[in-house]
């Protein structure tokens, strides 16, 4: 199963989601990430957070949605924060779509240590959702059931 995590800048939340997903995914599952208006670079605290967790950051880059079309994702999850009035990217393919909104820790005006803590809180939030996703018995679910379950995870 192929997942695409989308946000605006593709420098923080979607990158964290991609790496955390791929570090824990069941066999045959893979994630990618992209942005509607990619920043062009992965946020330095995203890199530092992932490295502090012992996760590889090799090959990470800020990409456009167009760059990910080739992967033909089965599931597209937007992670932009509607509460912050961010415009979530629209994905028009036939994939299952869900919104797992996350606050963007990279935009917080805090001292670096507090900002790093905000990045770790975001990681915890993503991992809680991934726990629920990976616990689903997707082989025995209909498409409508899978859509409902993936969307329900956004409330965690």
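The values are calculated or read from the model by the stated rules, or taken from the named source; none is laboratory data. For clarity, every value in this text was computed on a predicted model and none was experimentally measured. Here the Cβ positions follow ideal geometry from the backbone for every residue, glycine too, while neighbour counts run over all protein chains shown.
When the residues of the range 65-92 are filtered to those that are closer than 11 Å to residue 32 by Cβ and part of a loop (DSSP other than H, G, I, E, B), the one that is modelled with the lowest pLDDT is 72. In this entry, residue 20 is excluded by the filter for residues that are in contact with a helix residue (DSSP H, G or I) (Cβ under 7 Å, 6 or more places away or on another chain) and either free of Cβ contacts under 8 Å to residues at least 12 places away in the same chain or more than 22 Å from residue 95 (Cβ to Cβ) (or both). Just one of the listed residues (79, 30) is under 18 Å from residue 120 (Cβ atoms) and within 15 Å of the chain's Cα centre (by Cα), and it is 79. Contact annotation: residue pairs with Cβ atoms under 6 Å, 6 or more positions apart or on different chains, pairing a residue in the range 141-156 that is touching a residue at least 60 places away in the same chain (Cβ under 8 Å) with a partner that is outside any helix (DSSP H, G or I), are 150/98.
Note on the range 31-64: residues that are part of a loop (DSSP other than H, G, I, E, B) and within 14 Å of residue 19 (Cβ to Cβ) total 13.
Scanning the range 1-13 for residues that are part of a loop (DSSP other than H, G, I, E, B) and surrounded by 22 or more Cβ atoms within 10 Å (Cβ to Cβ) returns 8, 9, 10, 11, 12.
Does residue 16 meet the test of being in a helix (DSSP H, G or I), modelled with pLDDT of 95 or more and crowded, with 24+ Cβ neighbours inside 10 Å? Here the answer is yes, as residue 16 does meet what is asked. For residue 146, the criteria (1) under 25 Å from residue 28 (Cα atoms); (2) modelled with pLDDT of 95 or more; (3) exposed (fewer than 14 other Cβ atoms within 10 Å of the Cβ) hold in every case but one, which is (3). One residue stands out among those in the range 93-145 that are touching a strand residue (DSSP E or B) at 6+ places or on another chain (Cβ under 6 Å) and in a loop (DSSP other than H, G, I, E, B): the one that is farthest from residue 15 (Cα to Cα), which is 95.
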